[in-house]
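Working notes, structure below.
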Amino acid sequence: MAKLHHLGFPRIGHKRQLKFSLEKFWRGEISETQLQQSASELRAENWHSQQTLAFDFHTVGDFSLYDQVLDMSLLLGNLPKRAIQGENQLDNYFRVARGRSQQKQCCSTPHAGESDAGEMTKWFNTNYHYIVPEFDQQTSFELNADNLLLQIKELQRINKNAKPVIIGPVTYLWLGKEKDQSNKLTLLPALLKTYQQLLQKLQENNIQWLQIDEPILALELNNEWQTALQSAYHTLKQSPVKLLLTTYFGELKDNLLLASQLPVAGLHIDAINGQHEVSQVAALLAPEQVLSLGVINGCNIWKTDLNDTLSWLAPLHEQLQDRLWIAPNSSLLHVPVDLESEIKLDSEIKNWLAFATQKLQELSLLGSALNEGLDTVFEQFSENKLAITSRKNSTRIHNPDVQKSVASINAQLGDRQQGFALRSAIQKKSLNLPKYPTTTIGSFPQTKEIRATRKAKRSGEIDADEYQQQIQQSIQFCIEQQHKIGLDVLVHGEAERNDMVEYFGELLAGFVFTQFAWVQSYGSRCVKPPILFGDVSRPQPMTVKWTKYAQSLTSKKVKGMLTGPVTILNWSFVRDDQPIKITCQQIALAIREEVLDLERAGIEIIQIDEAALREKLPLQRSQWSNYLNWAIEAFRITANGVADKTQIHTHMCYSEFNDIIQPIAEMDADVITIETSRSDMQLLNVFEAFNYPNAIGPGVYDIHSPNTPNVEKMVSLMQKAAQRIPVEQLWVNPDCGLKTRQWHEVEPALINMVEAAKKLRASC
Ligand code: GLN
Ligand code: ZN
């Protein structure tokens, strides 16, 4: 009999209950007991909904009030010392977690903080962010398993087969950062002692199996880390509970032999990304070892082809019998909770989807087919086949015109007519901008009135004319303000946009939107990615009328504002029925039309934001160039069809360019604006070393802070920039968009920024 389990379930709740409880608690509206109570209810709700599925194991430890990595730090007694300011554990925990989160964020990705909070960073190749563990010479560990044991007991009250999940010791070290010159790997022996104590505790609490996650097995590991894994699992060999060593997010590749030979009771591998590795791993395992296969995709929202999966799984079941376990390939943390909540979703498309709850049902069906025979679930498998076929053949997905355009993409499509030097001379003449030109990144404050206008339009309270009038008023106000402030290149302010991806997704064909399909990004922050289900096209212009209107109000240049193809792709749930490169090309062609329409409408500067360019960089370095090739190509297709006279800007709000400077240069944007203010312009070193030829707008102040930036500070930052980049190539702008700020913050900040630019010009 194949056994069934899962690696983790979303914890935010189907109506984001956790988010609301947390935020109430942080605002002081509910007590700690009430918060813990609602957390406990959420866990019970999750377990309850899984009760009917007859899984062999029930997962516990997948819940977290903020982040599972931070939970590990708490469990191992490794919260940063500065956060321990009293007896209250939860208080200390949140002190590490937050710090910056009182401030609003401009994007769905967090920005590294300078406060006392722990640093936050991306969890492998997902849009989830974890709190980075901290290590130094003094680091020691002390088991603090109360929280986990409490949850185990909760589960055991309703079900005896509790399988806790924790992060393995080597991945835990790998995820963390040394705060001094020490080497975190030297902490392994001490760390393992604490893990051994935990294993003991778990056994005392009647645990048989422990899921121990080592997702770094999906990375390219050097000798040192491979040896660490060897030594860790040899040390834990005598574990009093059985270990299910678990890896996800990709193939094992060079780690296949290592993973298959570690002395553990079972191994879970990602059979979605690494299906071709399954037979090899099965052959390498010892006769008593369990092989758990991740056969349902935990990172996307599409239905599994159950018939297809069964056909390759059945022979393995024959071979392995009881030793075969099946599960989703990763935790379901990365997908929304329940499709049933989507009552407004188009029924045809809904029939192609599966969220976390549905994915567990799929797993249960597969289990029945394997263990009791296909005839016991024949009807459900037939329904699944119909859904899969309907998706394959739907005319809503396949648009021959789009496919023709993609097929006709050629190498020249992404080339500008002339090189940067020649076209920048042309642009200088026609745009007639001063040295150190000033501009902003696009959005201006999203006031209450603006939000109310958009809401009224959605609910039908105001008609299209009324809506247009109100948005035009906002644009007019925004242009007037920018005039007063004295900026050189203006923007319309993005009042019509709720979100930089959603806005375009709603206007492009090929996307649908959900009501409740939230996914945790970090802490209480969730995102609701659009679903990109079909060929992408642009039925009509999306931004032209707003930009044109803004331009009609001023003799200064207004910069058109678009989101780039890679960012739209990376912040959506993307179809899995064609190479992602093709999907990206389709978006690129659609946005290219918008670029060309803006140009025809007389807009001479167009910005194409690629805030999420880095987001889907593959986990394995050796795959980077493949990704970057098509990603950069897509940007070039979007941007570079314009005449020499048209100036293309791009914006990226992160600060890691060292490893991608060549591809960034290949984008060939005339101006790139980046986040730099917090790096003291150090970030420009890589641009300097590369001899980056085009213009750069290094952000001179951090828009995440409500404080007014100081003129002298900005002058000095730009002087530092000028030591690295020729003055003719420099622009002056904030780090990112201003939509989360208030006008009373934005106005003085920008006045100072303009003042700084004037000073810089005077000293040229
Ligand atoms: N143009 C967008 C804005 O200003 C860019 C946002 C972003 O980079 N995250 O809001
Ligand atoms: Zn930004």
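The values are calculated or read from the model by the stated rules, or taken from the named source; none is laboratory data. Please read all numbers here as calculations on a predicted model, not as lab measurements. Every residue, glycine as well, gets a Cβ built from its backbone with ideal geometry; the counts of neighbours run over all protein chains shown. With ligands, DNA and RNA removed, areas are computed over all heavy atoms of the protein, side chains included. Shrake-Rupley method; radii C 1.70, N 1.55, O 1.52, S 1.80 Å.
Tabulated values for the structure
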| item | result |
| --- | --- |
| Within the range 16-55, tally of residues that are exposed (fewer than 15 other Cβ atoms within 10 Å of the Cβ), part of a loop (DSSP other than H, G, I, E, B) and at pLDDT 95 or above | 4 |
| Lone qualifier among 241, 264, 290 - being touching a Lys or Arg at 6+ places or on another chain (Cβ under 7 Å), aliphatic (A, V, I, L, M), farther than 25 Å from residue 579 by Cα and buried (at least 17 other Cβ atoms within 10 Å of the Cβ) | 290 |
| In the range 703-715, residue nearest to ligand 1 (Cβ to nearest atom) [restricted to those that are open to solvent by less than 40 Å² (accessible area, probe 1.4 Å) and more than 22 Å from residue 609 (Cα to Cα)] | 709 |
| Residue that is nearest to residue 434 (Cα to Cα), among those in the range 732-745 that are buried (at least 21 other Cβ atoms within 10 Å of the Cβ) and within 15 Å of ligand 1 (Cβ to nearest atom) | 733 |
| Search result, residues across the range 487-527 that are under 24 Å from residue 568 (Cβ atoms), touching a strand residue (DSSP E or B) at 6+ places or on another chain (Cβ under 8 Å), part of a loop (DSSP other than H, G, I, E, B) and more than 16 Å from ligand 2 (Cβ to nearest atom) | 492, 508, 513, 514, 517, 518 |
| Any hit, the range 253-262, residues being under 21 Å from residue 295 (Cα atoms), among the polar types (S, T, N, Q) and in a helix (DSSP H, G or I) | yes |
| Selected residue (only one of 589, 569, 628, 617 is surrounded by 18 or more Cβ atoms within 10 Å (Cβ to Cβ), within 16 Å of ligand 1 (Cβ to nearest atom) and in contact (Cβ under 8 Å) with a residue 24 or more places away in the chain) | 569 |
| Tally of residues being open to solvent by less than 60 Å² (accessible area, probe 1.4 Å), farther than 18 Å from residue 428 by Cβ, touching an Asp or Glu at 6+ places or on another chain (Cβ under 9 Å) and away from ligand 1 (no atom under 15 Å from the Cβ) across the range 656-685 | 2 |
| Filter pass, residue 439 being within 16 Å of ligand 1 (Cβ to nearest atom), surrounded by 13 or more Cβ atoms within 10 Å (Cβ to Cβ) and polar (S, T, N, Q) | yes |
| Residue match in the range 491-499 (condition: more than 13 Å from ligand 1 (Cβ to nearest atom) and closer than 30 Å to residue 334 by Cβ) | no |
| Pick from the range 596-614, criterion surrounded by fewer than 21 Cβ atoms within 10 Å (Cβ to Cβ) and modelled with pLDDT of 95 or more, ranking: nearest to residue 648 (Cα to Cα) | 604 |
| Test for residue 277: is it touching a strand residue (DSSP E or B) at 6+ places or on another chain (Cβ under 9 Å) and modelled with pLDDT of 95 or more | yes |
| Enumerated strands (runs of 3 or more DSSP E) restricted to the range 609-727, each holding at least 1 residues that are within 16 Å of ligand 2 (Cβ to nearest atom) and either more than 25 Å from residue 759 (Cα to Cα) or among the hydroxyl-bearing types (Ser, Thr, Tyr) (or both) | 647-652, 671-674 |
| Check on residue 484, in a helix (DSSP H, G or I), closer than 30 Å to residue 355 by Cβ and either in contact with a strand residue (DSSP E or B) (Cβ under 6 Å, 6 or more places away or on another chain) or more than 16 Å from ligand 2 (Cβ to nearest atom) (or both) | no |
| Spans of helices (runs of 4 or more DSSP H) in the range 294-411 with at least 1 residues open to solvent by 60 Å² or more (accessible area, probe 1.4 Å) and over 30 Å from residue 15 (Cα atoms) | 306-320, 356-372, 378-393, 400-407 |
| Search result, residues across the range 631-655 that are within 12 Å of ligand 1 (Cβ to nearest atom), open to solvent by 20 Å² or more (accessible area, probe 1.4 Å) and modelled with pLDDT of 95 or more | none |
| Selection from the range 532-590 of residues that are within 16 Å of ligand 2 (Cβ to nearest atom) and either under 30 Å from residue 272 (Cβ atoms) or of a type in the set (Val, Ile, Thr) (or both) | 563, 564, 566, 567, 568, 570, 571 |
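For every residue, the table says whether it meets (1) under 26 Å from the mean Cα position of the chain (by Cα); (2) more than 20 Å from residue 488 (Cα to Cα); (3) open to solvent by 30 Å² or more (accessible area, probe 1.4 Å).
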{"position": "701", "(1), (2), (3)": "yes, no, no"}
{"position": "723", "(1), (2), (3)": "no, yes, yes"}
{"position": "751", "(1), (2), (3)": "no, no, yes"}
{"position": "760", "(1), (2), (3)": "no, no, no"}
